[in-house]
1. Hey, which lysines would be in cross-link range of A:K193, C-alpha to C-alpha under 19 Å, not counting anything within fewer than 8 residues on its own chain?
2. Would you work out which of A:T213, A:A174, A:S244 lies farthest towards the positive end of the dipole of the stretch A:155-307, given +1 charges on the beta-carbon of Lys and Arg and -1 on that of Asp and Glu, about the Cα centre?
3. Taking amide H positions as placed in the peptide plane 1.01 Å from N, state which residues far from A:I238 in sequence (5 or more) or on other chains have amide H under 5 Å from it.
4. How would you rank A:236-244, A:291-299, highest first, on the average number of other Cβ atoms within 10 Å across their residues?
5. What is the ratio of the Cα radius of gyration of the stretch A:76-202 to 2.2 N^0.38 Å, where N is its residue count, to two decimals?
6. So if I restrict to the alpha-carbon atoms in the stretch A:127-279, what is the Rg, and what is Dmax, the biggest pairwise distance, in Å?
7. What distance in nm separates the two pseudo spin-label positions at A:S25 and A:E206, each 7 Å out from Cα along the beta-carbon direction?
8. For the peptides A:148-156, A:181-189, A:197-205, what is the packing order when you average, over each peptide's residues, the other Cβ atoms within 10 Å and list the highest mean first?
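Bear in mind these aren't lab numbers, they're just calculated from the coordinates by the rules spelled out. Because the structure is predicted, anything quoted here is derived from the model rather than measured. Counting neighbours? That spans all protein chains shown, and the Cβs are built from the backbone with ideal geometry, glycine included.
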Amino acid sequence: MSGEVPGVDPDAVARPEFLPDPALSRAEMESLQRELAATATFADAHALDPAAVAIDEPADLTDGPPDARQGSLPGTHAEGDDTDDCDAPVVVGVDQAFLTPDDGEDEAVSAAVAIRGGDVIECASAVTPLRVPYVPGLLAFREGEPMLAALDALDADPDLLVCDGSGRIHFREAGIATHVGVLLDVPSVGVAKNLLCGEPDEPTDERPEGWRTPVRADGSVETAGTRSTADADDATVIGHAFQSRQYPNSRRVNPLYVSPGHRVSAETAVGLVDALCARYKLPEPTRLADAHADDAKRGIDPKRERD
DNA sequence: GCGACAG
DNA sequence: ATCTTGTCGC
């Protein structure tokens with residue numbers, strides 16, 4: 001057979017883990033995730049040193065969104081910035097906003113913001129149609145393609161990706177951070193605001209800033225390597241609960257759930273996120289990507305011509 | 001059968 | 001994720 005095979009796109013075959021095909025059964029998608037997890041590396045192979053990407057001063061979002069510095073800055077150097085960061089690692093944060101027109105045709109507005117040496121060096125965004133609904137555990141099939149679209153639109157080459165959502169903290173150890181990391185073969189970490197699965201070693205309520213505790217695989221997690229022992233103490237650590245932000249007196253900020261996406265260990269993943277947090281709950285890369293996605297969304301005419 | 005679940 | 005102003009607290 002030659003030529004077009006109905007429903008089969010060569011690119012999609014090369015990366016089946018992102019086929020937003022409504023015809024794919026849940027079991028097929030889960031099967032793809034098991035294959036993908038087997039390909040992932042949850043260890044520090046070529047991992048970054050948290051100290052190399054540390055950000056101490058948060059970007060100011062009040063005077064103009066991050067895309068005010070869209071693209072590469074031609075010849076402009078931040079005032080008094082004599083540090084040479086051109087060889088510092090490039091950390092890229094990705095996040096999405098959504099459009100829900102009256103006709104029900106959803107679209108994702110994805111944004112990618114590249115940071116190097118604590119400075120925003122580039123912003124990019126993309127609008128992508130969404131063809132499958134959100135299903136817990138299968139988020140990557142809905143939002144993976146939009147994320148890749150934003151990364152495609154970015155000129156910078158990421159040394160680390162910071163994704164919104166889980167990585168290894170996932171039923172089949174294949175959260176969206178793992179999907180994207182494996183596909184691009186770039187180190188990645190997942191940062192979620194809610195715990196999908198797994199069990200924190202300690203209760204996470206009312207913890208001081210900087211606090212963290214391991215999240216281990218529970219009965220709902222299919223771990224690749226380790227046999228699940230009856231005692232949960234040596235169950236695989238799939239991520240961490242991390243209190244990135246807390247107020248001195250009233251403690252009610254929820255922790256972040258950080259997990260390896262690809263080519264990073266659980267320990268290094270939290271260390272990196274810790275280093276990337278400035279004065280806010282979310283690490284700078286995701287905070288900026290979040291702002292840029294909202295901004296790009298606002299710039300879209302609700303009644304424009306869509307495809 | 002019941003529960004439980006990123007964005 | 002999204003629909004949304006003010007508001008309580010540091």
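1. Once the sequence-local lysines are set aside, what remains near A:K193 is A:K281.
2. So the residue furthest toward the plus end is A:S244.
3. The list, which skips near neighbours in sequence, is A:V215, A:R216, A:A217.
4. Working: A:236-244: 24.7, A:291-299: 19.0.
The packing order, highest mean first, is A:236-244, A:291-299.
5. Working: Rg = 16.2 Å, N = 127, 2.2 N^0.38 = 13.9 Å.
For the stretch A:76-202, the normalised Cα radius of gyration comes out at 1.17.
6. 15.7, 48
7. Placing both labels 7 Å beyond Cα along the Cβ direction yields 5.0 nm.
8. Numbers: A:148-156: 18.3, A:181-189: 23.2, A:197-205: 15.8.
Most protected by this proxy first, the peptides run A:181-189, A:148-156, A:197-205.
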